[in-house]
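Working notes, beginning with the structure itself.
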Amino acid sequence: MEAERPSERAASNHSYRKAHFYAALIQVLLAALSIAESFRFSYWDEMLGPGAGFVPRWLGIFWLPIASALLWQSRRAMPPEEGHTVMPEGRERRRLGLFILILTGLMLGFVPLGAIISVAAFVAISLKLFEEYTWRHAALTGTVMSGLLYLLFRTWLNVPLPRGILFFL
Amino acid sequence: MEVLTSLLQGFAIAVTPTNLLFALAGCVLGTLIGALPGFGPPAGVAILLPFTFNMPPVTGLIMLAGVYYGAMYGGTITSVLLNIPGESSSVMTAIDGYKMAQQGRAGVALGIAAVGSFVAGTVGVVLLMTLGPLVAQAAIKFGPPEYFALMVLGLATISGLTGASTLRGLGSAMFGILCAAVGVDIMSGQPRFQFGIRELYDGIEFLPVAVGLFGVSEVFENVMKRADFAQVQGVIRWREVMPSWKDWKAAQGSIWRGSFLGFATGVLPGAGATVASFFSYALEKKLSKHPEEFGQGAIAGVAGPEAANNSASTGAFVPLLTLGVPGSGTTAVLLGALIMYGLRPGPLLFTDKPDIIWGLIASMYIGNVMLLVMNIAFIPTFIWMMRTSERYLNMLVAILCIIGVYAQSVSLFDVGVTILFGFIGFLMRRLDYPAAPVVLALVLGPMAENALRQSLLISDKGAMILLTRPVSLVLLAAAFLYVFGPLLYGAIRSRYRSPREA
């Protein structure tokens with residue numbers, strides 16, 4: 001058990017450094033992209049002064065050394081606390097993944113189904129999956145919550161929420 | 001005299017029933033946001049911002065400002081009762097506040113924090129009212145080079161002070177500038193970084209980015225673990241919250257010192273409420289005759305930092321309203337709000353829109369009174385609300401984020417951008433990259449680009465115009481020092497140390 005702990009810590013540190021390396025690498029690429037994009041536009045215009053390529057070029061020039069320094073620093077990056085990982089693992093990852101999935105569902109259903117139905121479904125599914133409600137209880141809470149939110153936003157705050165299949169409301 | 005007349009006019013605006021109602025709503029929501037661990041003031045302001053677009057700008061600002069300084073009051077509740085700071089500026093309060101709670105003095109800790117916050121909030125508003133017009137008057141003479149330098153300073157300080165590493169802060173700011181550069185260039189009309197995506201033609205909007213980075217990312221972080229407020233007991237009666245004369249005497253010096261120190265810290269770009277509360281705690285411990293009591297339930301350890309964080313939140317309005325340069329994540333979101341209301345933040349705001357500015361300032365007096373009453377008489381109610389909302393909190397915030405962004409643009413693309421930036425914000429948080437510089441750069445980026453272009457156009461010496469005008473030179477030098485000062489200091493220190501060690 002004692003022998004496992006240092007190796008676990010080393011693995012956690014390694015994955016943390018790797019995440020920092022990739023974050024810095026993405027920045028290097030974005031800085032390079034900014035410089036490359038700047039060459040598509042004029043850098044200086046006799047009449048207007050700095051052209052559309054002026055800011056992207058200087059942005060890339062400033063960002064590149066910063067991103068390179070971050071790339072260099074990533075070799076020594078240490079997690080703020082023991083066991084800290086950038087990407088969640090196990091149960092935490094499942095919960096997060098599920099939530100993002102349901103939230104994307106809410107976004108996709110928001111216009112075609114309408115705000116009332118999509119919000120009710122989102123609340124009911126979330127309560128069932130994350131708070132272990134029974135389906136009946138979750139559906140009831142979802143419907144009440146969605147109805148109240150719709151009333152609040154539509155009638156009081158005049159927020160233009162989509163009606164979707166409940167177009168007659 | 002002119003200030004008093006303006007303030008009276010401001011009160012006439014602030015006491016209309018609608019404005020009073022929204023000030024109250026802002027204070028209640030702010031207290032809850034401050035009290036709930038995981039949701040900070042920037043998230044609260046960003047999430048509620050889209051719901052204020054149908055209101056007159058002054059009403060919207062009154063509500064959002066109420067959320068901001070209400071959160072400073074609310075942060076104390078979980079710090080004292082649970083040893084879990086509701087937000088970062090309450091970390092210092094938790095040290096002695098929780099000890100006081102363990103000694104059966106939770107009510108006194110909460111009470112003195114509320115009184116301290118009230119005194120500091122009021123002192124802060126008086127100083128804002130006095131200093132604001134003076135700073136605005138001085139800033140009226142600024143030309144494009146000074147504005148550009150000021151924005152660079154704002155970005156440099158927020159990048160340097162909001163995260164664990166200056167380099168990561170700068171990386172965040174660069175990412176924000178890149179986001180700001182997306183879309184049609186206003187001078188030439190050419191679309192940049194569009195990659196054939198029609199929706200990017202107008203650029204990346206501020207709201208989806210702010211709501212995503214501050215609101216959705218916090219939901220993602222919180223959804224992984226279950227909140228537990230079951231151990232918070234709502235047994236505190238209002239009589240226990242009223243500080244005694246002895247408590248007041250022991251705390252009053254700390255409250256006054258915290259008020260002035262907090263305001264001065266809040267005015268500095270990038271410093272903010274958290275830094276102010278740390279400074280105040282250190283100062284109180286240094287000045288105390290019994291420093292050994294700090295960490296064991298010293299009332300000054302609660303009163304000072306609480307006064308400081310509240311006063312700092314008011315102080316942060318000075319650079320925002322007078323210069324149009326925010327110094328923290330929350331004020332960066334408020335700057336975006338001002339622009340979305342069609343206002344032009346900066347020195348002219350005081351002369352062009354006095355009704356809005358003075359209405360806002362007057363509402364802060366009223367808001368502080370509301371918060372004092374709420375935080376003395378309704379602590380058990382807030383605890384009950386926290387416990388009740390626990391299970392629904394994440395989904396409710398997620399729904400508000402989606403509805404808010406959709407309502408503003410009626411575009412599912414923007415909702416998608418919100419979720420995407422929510423995930424980017426989540427990763428940034430886990431990697432210890434600050435999100436505030438991204439939002440600030442997104443707001444200031446186009447303004448800075450415009451100011452730089454104007455400066456270069458009017459210059460016959462090219463970029464040297466930025467270094468030959470005294471104010472812009474000083475501001476750029478300050479920005480340079482903010483970023484490179486710590487690095488230079490480290491290098492000099494190691495140079496001096498090495499010969500001795502050798």
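A few remarks follow.
- Using the Stokes-Einstein relation with a Kirkwood hydrodynamic radius computed over Cα pairs, the translational diffusion coefficient of the protein assembly as shown at 20 °C and a viscosity of 1.002 mPa s comes to 82 µm²/s.
- Peptide A:51-61, shielding by other chains (average Cβ, 10 Å cutoff): 5
- In terms of its Cα atoms, the range B:69-173 spans 58, 36, 16 Å along the principal axes, sorted from long to short.
- Kirkwood Rh (inverse of mean 1/r, distinct Cα pairs), the range B:84-124, angstrom: 10.7
- Cβ-placed point charges (K, R +1; D, E -1), dipole of the range A:31-130 about Cα centre in debye, nearest 20: 440
- For chymotrypsin sites (Phe, Trp or Tyr not before Pro), the sites in the range A:86-169 that DSSP calls loop and that have at most 10 other Cβ atoms within 10 Å are A:F167, A:F168.
- Scaled radius of gyration (Cα, divided by 2.2 N^0.38 Å) that the range B:114-182 gives: 1.54
- Model label sites at B:A491 and A:M87, defined 7 Å from Cα along the beta-carbon direction, differ in position by 3.8 nm.
- Across A:K18/B:K286; B:K246/B:K286; B:K249/B:K353; B:K141/B:K461, pairs whose alpha-carbon gap is larger than 32 Å: A:K18/B:K286; B:K249/B:K353
- For the range B:30-75, the spread of Cα positions along each principal axis, largest first, Å: 30, 16, 12
- Spatial separation of Cα centroids for the range B:132-156 and the range B:50-125, in angstrom: 31
- Using a probe of 1.4 angstrom and keeping all protein chains present, the accessible surface of chain B works out to 38 square angstrom per residue.
- In degrees, nearest ten, helix B:144-161 long axis to first principal axis of chain B (Cα): 50
- In this structure B:I177 has an accessible area near 40 Å², from a 1.4 Å probe over the protein heavy atoms.
- Descending principal axes extents, the range A:66-156, alpha-carbon based, whole Å: 54, 31, 23
- Only the Cβ atoms of Lys and Arg (+1) and of Asp and Glu (-1) were treated as charged; on that basis the dipole of chain A about its Cα centre amounts to roughly 300 debye.
- Chain B: relative contact order in percent, alpha carbon pairs under 8 Å with at least 6 residues between: 28
- Nearest 10 degrees, 0 to 90: helix B:354-377 Cα axis against chain B principal axis: 30
- Here the relative contact order of the range B:1-97, from alpha carbon pairs under 8 Å that lie six or more residues apart, stands at 31 percent.
- Residues within the reach of a label modelled at A:F167 (point 7 angstrom out along Cα to beta-carbon, backbone nitrogen below 15 Å), restricted to the range A:89-132, are A:111-115.
- Across the options A:A19, A:T143, B:G44, the greatest Cα extent toward the positive end of the charge dipole of the protein assembly as shown (unit charges at beta carbon of Lys, Arg, Asp, Glu) belongs to A:A19.
- Its relative contact order, with pairs defined as Cα atoms under 8 Å and 6+ residues apart, puts the range A:1-146 at 20 percent.
- The share of accessible area on chain B that comes from carbon and sulfur is 66 percent, using a 1.4 angstrom probe.
- Our analysis of the range B:1-160 gives Rg over Rh at 1.04, with the two radii drawn from alpha carbon positions and Rh computed by the Kirkwood formula.
- Think of the protein assembly as shown as having a plus end and a minus end, set by charges on the Cβ of Lys, Arg, Asp and Glu; of B:N394, B:V333, A:A77, A:A77 sits farthest toward the positive end of this dipole.
- Accessible area buried at the B-A interface, both sides summed, 1.4 Å probe (Å², nearest 100): 5600
- Furthest towards positive pole of dipole, B:G304, B:A25, A:G60, structure part the protein assembly as shown, Cβ charges: B:G304
- As a ratio to 2.2 N^0.38 Å, the alpha-carbon radius of gyration for chain B is 0.96.
- For the range A:61-116, accessible area per residue (1.4 Å probe, heavy atoms of protein chains only), Å²: 57
- FRET efficiency for the B:E199 to A:L29 pair, using the beta carbon distance and R₀ = 30 Å, is estimated at 0.85.
- Across the range B:294-402, Cα-Cα pairs more than 22 Å apart make up 55 percent of the total.
- Cβ charges +1 (Lys, Arg) and -1 (Asp, Glu), total dipole of the protein assembly as shown, debye: 860
- Taking the C-alpha atoms only, the angle from helix B:379-389 to the longest principal axis of chain B is near 60 degrees.
- Pairs of alpha carbons in chain A separated by more than 22 Å make up 68% of all such pairs.
- Spacing of the two label points (7 Å from each Cα toward its C-beta) at B:L481 and B:F413, in nm: 4.5
- Length gained when the stretch B:N450-B:R344 is fully extended (0.36 nm per residue, less Cα-Cα span): 36.7 nm
- Distance (nanometres) between label positions extended 7 Å along Cα→Cβ at B:D460 and B:Q296: 7.3
The values are calculated or read from the model by the stated rules, or taken from the named source; none is laboratory data. Everything numeric in this text was worked out from a predicted model, so none of it was measured. Cβ sites come from the backbone with ideal geometry, for glycine too, and all protein chains shown count toward neighbours. Surface accessibility is based on the protein's heavy atoms, side chains included, excluding ligands, DNA and RNA. Shrake-Rupley method; radii C 1.70, N 1.55, O 1.52, S 1.80 Å.
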